[in-house]
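Quick notes on the structure that follows.
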Amino acid sequence: MEIQTTPAWQEAFPGGHVGALLLNNIDNTRRGPELEERKRSLETRLRAEFGHLSRAELLELEVLNAYRAYYRGFDQTYHVQLQQESIVHKNKAMPNVSPLVDASFLAELETLVLTASHDADRLAWPLTIDVTQGGEAFEQMNGKVRSLKASDMMMADTQGTVCTILYGQDRRTPVSTATRRVLYVCYAPPGVTEQRVRQQLDIMLSHVRLFASGVQVEGLEIFTGGVTS
């Protein structure tokens with residue numbers, strides 16, 4: 001994988017992490033029963049483990065607390081927190097998007113680590129992990145063009161920003177039914193451990209293997225803020 005971090009990112013996020021997992025030989029149209037069974041099992045487990053907790057108590061979980069602090073600095077709320085609440089407290093079912101997206105979303109709910117899913121062949125490599133300066137134009141997946149806020153963790157390819165923590169993925173590089181190579185990227189602010197990020201990468205790989213037994217790992221790497229790469 002051709003991924004690097006900038007000195008600005010290293011300085012802005014000491015103790016933060018970005019994890020990258022590049023996989024190939026995938027059929028993103030095959031929706032087998034194994035992944036659906038794992039969804040139902042996790043829904044049951046989350047409700048049993050966290051159903052008795054109030055919203056305030058959920059927010060004190062270590063990982064949610066770290067993301068809450070990050071998002072609170074921008075007057076926003078961590079969307080994975082809201083998704084977890086909908087499953088735990090409102091008995092909502094996990095959505096069906098595509099096998100690759102479902103694999104990452106399922107892992108997000110288990111580890112609470114924010115993850116983006118890119119079609120690796122739509123990316124213009126190399127990639128750069130950086131921090132936003134503010135004012136950059138960014139087209140979200142829904143087609144809305146945003147002016148990015150300063151000091152947000154981001155990733156860019158040679159054509160522009162492809163993801164930020166606050167605004168999610170771009171419109172140009174998401175996975176589709178035609179995707180054969182996927183790049184999963186985990187964004188973890190300070191307070192989320194490297195071990196937790198590695199767990200997220202491992203769980204996503206195990207989920208992908210449920211519907212793509214021939215999947216191959218092209219690369220796996222975790223970058224840490226405050227450590228020169």
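Based on this model, can you work out whether V63 counts as within 22 Å of Y184 (Cβ to Cβ), in contact with a Cys (Cβ under 8 Å, 6 or more places away or on another chain), buried (at least 17 other Cβ atoms within 10 Å of the Cβ) and not acidic (D, E)?
Numbers: within 22 Å of Y184 (Cβ to Cβ): yes; in contact with a Cys (Cβ under 8 Å, 6 or more places away or on another chain): no; buried (at least 17 other Cβ atoms within 10 Å of the Cβ): yes; not acidic (D, E): yes.
In short, no.
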Can you name the condition, by its number, that T179 falls short on among (1) among the hydroxyl-bearing types (S, T, Y); (2) in contact with a helix residue (DSSP H, G or I) (Cβ under 8 Å, 6 or more places away or on another chain); (3) not in a loop (DSSP other than H, G, I, E, B)? (3)
So which residues in region 182-195 are part of a loop (DSSP other than H, G, I, E, B), open to solvent by 20 Å² or more (accessible area, probe 1.4 Å) and either closer than 20 Å to K39 by Cα or not hydroxyl-bearing (S, T, Y) (or both)? P190, G191
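Could you identify the single residue in V97, V63, V113, V18 that is free of Cβ contacts under 8 Å to residues at least 24 places away in the same chain and within 17 Å of the chain's Cα centre (by Cα)?
V97
Could you go through region 26-48 and let me know if any residue there is in contact with a Pro (Cβ under 7 Å, 6 or more places away or on another chain) and open to solvent by less than 50 Å² (accessible area, probe 1.4 Å). Talk me through it step by step, then tell me what you get.
Going through region 26-48, the residues in contact with a Pro (Cβ under 7 Å, 6 or more places away or on another chain) turn out to be 28, 30-31, 35.
Keeping just the survivors that are open to solvent by less than 50 Å² (accessible area, probe 1.4 Å) gives 28, 35.
Scanning region 26-48 turns up at least one residue that is in contact with a Pro (Cβ under 7 Å, 6 or more places away or on another chain) and open to solvent by less than 50 Å² (accessible area, probe 1.4 Å).
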Determine whether region 126-137 contains at least one residue that is in contact with a strand residue (DSSP E or B) (Cβ under 8 Å, 6 or more places away or on another chain), open to solvent by 80 Å² or more (accessible area, probe 1.4 Å) and of a type in the set (A, V, I, L, M). yes
It is to be established whether one or more residues within region 7-21 are in contact with a strand residue (DSSP E or B) (Cβ under 7 Å, 6 or more places away or on another chain) and part of a loop (DSSP other than H, G, I, E, B). yes
Quick one: how many residues across region 196-223 are assigned to a strand (DSSP E or B) and surrounded by fewer than 18 Cβ atoms within 10 Å (Cβ to Cβ)? 7
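The values are calculated or read from the model by the stated rules, or taken from the named source; none is laboratory data. As the structure is a computational prediction, the values presented were derived from the model and not from experiment. Virtual Cβ from ideal backbone geometry, glycine too; neighbours counted across all protein chains shown. Accessible surface areas use protein heavy atoms only, side chains included; no ligands, DNA or RNA. Shrake-Rupley method; radii C 1.70, N 1.55, O 1.52, S 1.80 Å.
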